[in-house]
Amino acid sequence: MNKHVMDKSVGETRLDRETQGVIGKPVDRYEGKLKVSGRAPYAYEHLLEEKNVGYGFVATAGIGKGRIKSVDTGAAQAAPGVLAVVTGDKILRSSAQPGSPAAQTIDGQVFHYGQPVAVVVAETFEQARHAARLIKVDYEPAASGRYDLSQVKDKGVASDQGVMPADTERGNFEKAFSEADVQFDQTYTTPSHHSSAMEPQASVAKWDGDMLTVWSSCQLLESNVQQIAHGVGVPVEKVRLLSPYIGGGFGNKLGIGPDAVFAALGAQAAGRPVKLALARPQVYQVTSRRSETIQRVRIGTTKNGKITAFAHETWAANSPGNGFFEPAGVSSVFLYGGEHRRVSHRLSETDVLMTSAVRAPGEAVGMLATENAMDEMAEKLGLDPVEFRRINEPKQDPQNDIPFSSRKLVECMDDGAKRFGWADRPKTPGSRRRGEWLIGYGMACASRKNQLQKSSAEIEMSPAGHATVRTSMTDIGTGTYTILQQIAAEMLGLPLDHVSVELGDTSLPPSSGSGGSWGANSAGSSVYVAAEAVIEEFAKRLGVDADTLTLKDGHAIANNRRIPFSEILKGEAYKVTGTVEPGETSEKFTQSSFGAHFCEVAVSSVTGETRVKRLLTVAAAGRILNEKTATSQCYGGQIWGIGSALEEELVIDKRSGLLVNHDLAEYHVPVNADVPKLEVVLLPERDPHASPLAGKGIGELALAGVGAAITNAIYNACGVRVRDYPMTLDKVIAGMRDDLTDAA
């Protein structure tokens with residue numbers, strides 16, 4: 001095995017030479033034609049030709065908290081077409097936490113409303129659904145439940161199971177804040193969110209003797225297959241998991257959904273393959289969600305706007321036994337300067353569906369608060385919001401005193417301000433009007449921590465000189481197939497149509513999986529390492545130094561010779577595996593992608609409705625591997641940010657913990673009419689400390705801060721600050737000045 005540990009920075013590589021001319025280019029999706037023609041099978045679409053298939057349906061709890069006294073399955077088992085009913089301690093209560101060894105089981109308890117209590121398998125989906133409703137559960141309801149974070153906020157604890165330390169401090173914040181010339185202290189709240197991927201959690205399970213094959217919609221196959229094995233009660237070597245195509249994940253599929261284990265247990269009980277897809281309300285109620293948050297932001301500055309004290313304190317929720325907390329302050333640790341700092345998180349137990357990672361965990365909601373606070377503080381100081389941020393640009397990580405691997409935040413702000421026409425921003429809220437519409441500009445910064453994960457990939461060169469890339473990496477719609485094809489093609493000097501890619505199968509070399517914006521650079525770097533090994537082998541066979549070897553269009557060029565790969569391979573295939581691992585550079589440098597958002601809104605002085613008119617994102621995320629897929633990721637982040645600012649709220653019934661708006665009709669996300677002209681600019685950058693590819697993550701960067709840019713623009717338009725997200729029209733109109741509504 002060929003391994004690259006990221007202990008030192010990379011210099012110029014073959015990717016910089018761009019000999020084949022495909023890396024970074026806006027190449028069409030590798031699997032695009034398969035998807036638009038319906039030939040890319042998603043999880044539920046496997047075993048279509050299998051005649052002997054059962055269909056599963058999940059029965060769920062009708063109370064919010066209590067004990068299960070008994071489960072009467074008699075009527076269900078007697079219903080037409082029913083093959084099996086699964087109950088007992090193996091029933092999962094929700095999805096598994098990302099990277100955990102197993103999902104939690106119900107153990108005779110009801111931990112949240114809508115929790116699974118049984119699974120029915122029948123000849124048809126309709127029969128299974130009908131029978132599931134015949135199951136009678138006798139409960140002993142708890143006297144009361146905890147369904148409101150604000151009511152249990154003071155019982156929050158510092159969890160040691162998060163993706164960052166619960167507390168990060170430097171200096172003496174309280175003293176510095178009390179002595180600051182200018183002080184800011186406000187609290188912001190964000191609601192619970194759900195990933196709402198287009199494809200619901202769905203699985204197909206088939207047993208061949210003691211071997212289990214599961215087709216499921218999963219993001220992290222290496223840990224997901226272990227979670228399935230644990231849930232079913234078999235060795236992991238007996239389970240093969242396949243997820244070649246995934247209809248969106250956004251963190252909700254980092255851990256297995258309960259469907260994967262339920263399909264396997266159902267197939268075992270029924271003696272035949274089983275398909276099980278969660279109904280849309282169940283996707284919301286039995287998988288995972290983003291926590292609601294309460295965030296207090298305090299900033300102390302000099303009269304000239306230099307930050308001397310900065311604090312970001314967050315309270316979040318999770319269900320019993322879950323230590324994950326929404327890391328809202330993950331970027332607050334390093335984004336702006338300030339000698340005295342405090343970033344803290346407290347986690348409170350509630351009796352609601354477990355919380356976990358949703359796209360850009362931490363930054364997505366944390367930067368709604370901090371970027372609003374920066375805007376408010378800039379106004380208090382009489383400074384332009386861009387200038388206030390520029391004044392507090394740190395030269396190195398202000399918490400740890402180590403350099404940034406690369407940081408182009410100021411360049412992003414400057415480029416964005418110029419492109420957007422920021423100098424024409426209304427200087428006073430409510431001062432620009434077009435009929436009933438009040439016009440405002442807003443901006444916010446973005447950052448997303450960069451991570452490199454261990455990942456492996458195999459490259460097999462066929463006797464004809466074509467390459468096949470194989471890895472268990474997944475593509476959740478981000479373009480993984482395409483960028484791995486481009487990396488291999490560029491490194492090996494092959495036309496794109498001479499490179500095939502196989503993904504999403506645990507029988508392939510283990511990968512990082514998709515999540516945390518680490519997928520492209522981690523899996524891509526493993527392909528890079530494998531390609532380097534192929535090049536070394538070619539050079540060895542030709543008797544030349546690898547550095548002198550040029551590969552282009554399926555030929556090796558050295559010593560004035562041009563030899564086709566097929567001649568080098570001499571009728572035999574050649575196979576090699578490459579692995580990348582994080583190393584010392586992740587400790588020596590603070591690594592993050594950066595960006596800036598600029599937004600124009602129009603706010604109705606009659607109804608309070610907000611319409612986003614323009615939205616620009618300028619980002620710097622190291623080497624861009626595919627301009628088209630990277631830009632598409634940014635479009636998705638911008639659109640999600642519109643939803644976070646104006647629409648999205650998973651409503652929790654404070655009487656029972658029921659997630660009230662548990663479908664796409666009532667959980668509002670942006671649609672075409674909500675989305676304006678979007679513009680994305682990707683600044684040229686190489687980060688030699690981040691990965692062998694010199695790239696960084698971008699999929700979640702484009703979401704971080706967008707919502708704050710929109711709400712800052714709303715304030716500039718009409719003078720209304722709403723610190724309780726989302727900023728719906730009723731909240732806006734309630735705070736609008738009389739002179740603005742009268743003028744309409």
>> Considering only residues that are open to solvent by less than 20 Å² (accessible area, probe 1.4 Å), part of a strand (DSSP E or B) and either out of contact with any strand residue (DSSP E or B) (no Cβ under 6 Å at 6 or more places or on another chain) or more than 25 Å from residue 633 (Cβ to Cβ) (or both), which ones fall in segment 458-484?
In response: 459, 461, 467
> Taking residue 198, is it within 29 Å of residue 663 (Cβ to Cβ), within 21 Å of the chain's Cα centre (by Cα) and surrounded by fewer than 19 Cβ atoms within 10 Å (Cβ to Cβ)?
Replying inline: yes
> Which of the residues spanning segment 662-693 are open to solvent by less than 20 Å² (accessible area, probe 1.4 Å), more than 22 Å from the chain's Cα centre (by Cα) and either modelled with pLDDT under 95 or not acidic (Asp, Glu) (or both)?
Replying inline: 692
> Among the candidates 39, 29, 67, which residue alone is outside any loop (DSSP other than H, G, I, E, B) and at pLDDT 95 or above?
Replying inline: 67
> Can residue 281 be described as touching a residue at least 60 places away in the same chain (Cβ under 8 Å) and closer than 23 Å to residue 644 by Cα?
Replying inline: yes
> For residue 443, which of the numbered conditions (1) buried (at least 21 other Cβ atoms within 10 Å of the Cβ); (2) assigned to a loop (DSSP other than H, G, I, E, B) fails to hold?
Replying inline: (2)
> Of 266, 249, 271, which residue is open to solvent by less than 10 Å² (accessible area, probe 1.4 Å), over 30 Å from residue 167 (Cα atoms) and at pLDDT 95 or above?
Replying inline: 266
> Using beta carbons and a limit of 7 Å, which pairs, at least six apart or on different chains, have the first residue in segment 236-247 and touching a residue at least 12 places away in the same chain (Cβ under 8 Å) and the second one of a type in the set (Phe, Trp, Tyr)?
Replying inline: 242/215; 245/42; 247/42
> What pairs can you find where one residue is in segment 258-275 and aliphatic (A, V, I, L, M), the other is at pLDDT below 95 and open to solvent by 10 Å² or more (accessible area, probe 1.4 Å), and their Cβ atoms are less than 8 Å apart, with a gap of 6+ or different chains?
Replying inline: 261/90; 265/90
> If residue 743 satisfies every condition in (1) open to solvent by 50 Å² or more (accessible area, probe 1.4 Å); (2) at pLDDT 95 or above; (3) more than 13 Å from residue 612 (Cβ to Cβ); (4) of a type in the set (A, V, I, L, M) but one, which is the exception?
Replying inline: (2)
> Which members of segment 695-716 meet the condition of being out of contact with any Phe, Trp or Tyr (no Cβ under 9 Å at 6 or more places or on another chain), of a type in the set (Gly, Ala, Ser) and within 22 Å of residue 513 (Cβ to Cβ)?
Replying inline: 695, 699, 704
>> For segment 98-187, give me every one of the strands (runs of 3 or more DSSP E) that falls completely inside it and has 2 or more residues that are among the aliphatic types (A, V, I, L, M), under 29 Å from residue 277 (Cα atoms) and touching a residue at least 40 places away in the same chain (Cβ under 8 Å).
In response: 116-122
> Residues 393, 460: which one is within 28 Å of residue 591 (Cβ to Cβ) and of a type in the set (D, E, K, R)?
Replying inline: 393
> Restricting the first residue to segment 331-354 and requiring it to be within 20 Å of residue 149 (Cβ to Cβ) and among the acidic types (Asp, Glu), which pairs with a second residue that is in a loop (DSSP other than H, G, I, E, B) and open to solvent by 10 Å² or more (accessible area, probe 1.4 Å) meet a Cβ separation below 6 Å and a spacing of at least six or different chains?
Replying inline: 349/320; 351/65; 351/145; 351/146
>> For the structure I just gave you, tell me whether residue 254 is assigned to a loop (DSSP other than H, G, I, E, B) and open to solvent by 10 Å² or more (accessible area, probe 1.4 Å).
In response: yes
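Does segment 96-110 contain at least one residue that is among the polar types (S, T, N, Q), under 17 Å from residue 131 (Cβ atoms) and modelled with pLDDT of 95 or more? Please lay out each step first, then the result.
Pass one, segment 96-110, residues among the polar types (S, T, N, Q): 97, 100, 104-105, 109.
Going one step further and asking which of them are under 17 Å from residue 131 (Cβ atoms), we end up with none.
No.
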> Can you tell which of 90, 69 is surrounded by fewer than 23 Cβ atoms within 10 Å (Cβ to Cβ), basic (Lys, Arg) and more than 34 Å from the chain's Cα centre (by Cα)?
Replying inline: 69
>> I'd like to verify a number: residues in segment 278-299 that are surrounded by fewer than 24 Cβ atoms within 10 Å (Cβ to Cβ) and over 22 Å from the mean Cα position of the chain (by Cα), how many?
In response: 3
>> Can you report the number of residues in segment 580-609 which are of a type in the set (Gly, Ala, Ser) and open to solvent by 50 Å² or more (accessible area, probe 1.4 Å)?
In response: 1
>> Just to be sure I understand the filter: pairs with C-beta atoms under 8 Å, separated by 6 or more residues or on different chains, first member in segment 203-221 and closer than 24 Å to residue 454 by Cα, second member of a type in the set (Asp, Glu) and at pLDDT 95 or above. Which pairs pass?
In response: 216/259; 217/199; 221/505
> Taking the condition open to solvent by 10 Å² or more (accessible area, probe 1.4 Å), in a helix (DSSP H, G or I) and not small (Gly, Ala, Ser), does residue 48 pass?
Replying inline: no
> Quick one: would you say residue 577 is among the β-branched types (Val, Ile, Thr), assigned to a loop (DSSP other than H, G, I, E, B), open to solvent by 20 Å² or more (accessible area, probe 1.4 Å) and modelled with pLDDT of 95 or more?
Replying inline: no
> Taking residue 211 and the conditions (1) surrounded by 18 or more Cβ atoms within 10 Å (Cβ to Cβ); (2) touching a helix residue (DSSP H, G or I) at 6+ places or on another chain (Cβ under 6 Å), which numbered condition does it fall short on, given that it satisfies the others?
Replying inline: (1)
> Is there a residue being buried (at least 18 other Cβ atoms within 10 Å of the Cβ), assigned to a helix (DSSP H, G or I) and of a type in the set (Ser, Thr, Tyr) anywhere in segment 393-407?
Replying inline: no
>> Between a residue in segment 710-724 that is of a type in the set (Phe, Trp, Tyr) and any residue that is in a loop (DSSP other than H, G, I, E, B), which pairs come within a Cβ distance under 8 Å, given they are 6 or more apart or on different chains?
In response: 715/429; 715/721
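Residue by residue, here is whether (1) within 30 Å of residue 482 (Cβ to Cβ); (2) among the charged types (D, E, K, R) holds:
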| position | (1), (2) |
| --- | --- |
| 1 | yes, no |
| 31 | yes, yes |
| 44 | yes, no |
| 117 | no, no |
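The values are calculated or read from the model by the stated rules, or taken from the named source; none is laboratory data. Just so we're clear, the structure is a prediction, and the values are computed from it rather than from any experiment. Note: ideal-geometry Cβ built from the backbone for every residue, glycine included; neighbour counts use all protein chains shown. In case anyone asks, the SASA skips ligands and DNA or RNA and just uses the protein heavy atoms, side chains included. Shrake-Rupley method; radii C 1.70, N 1.55, O 1.52, S 1.80 Å.
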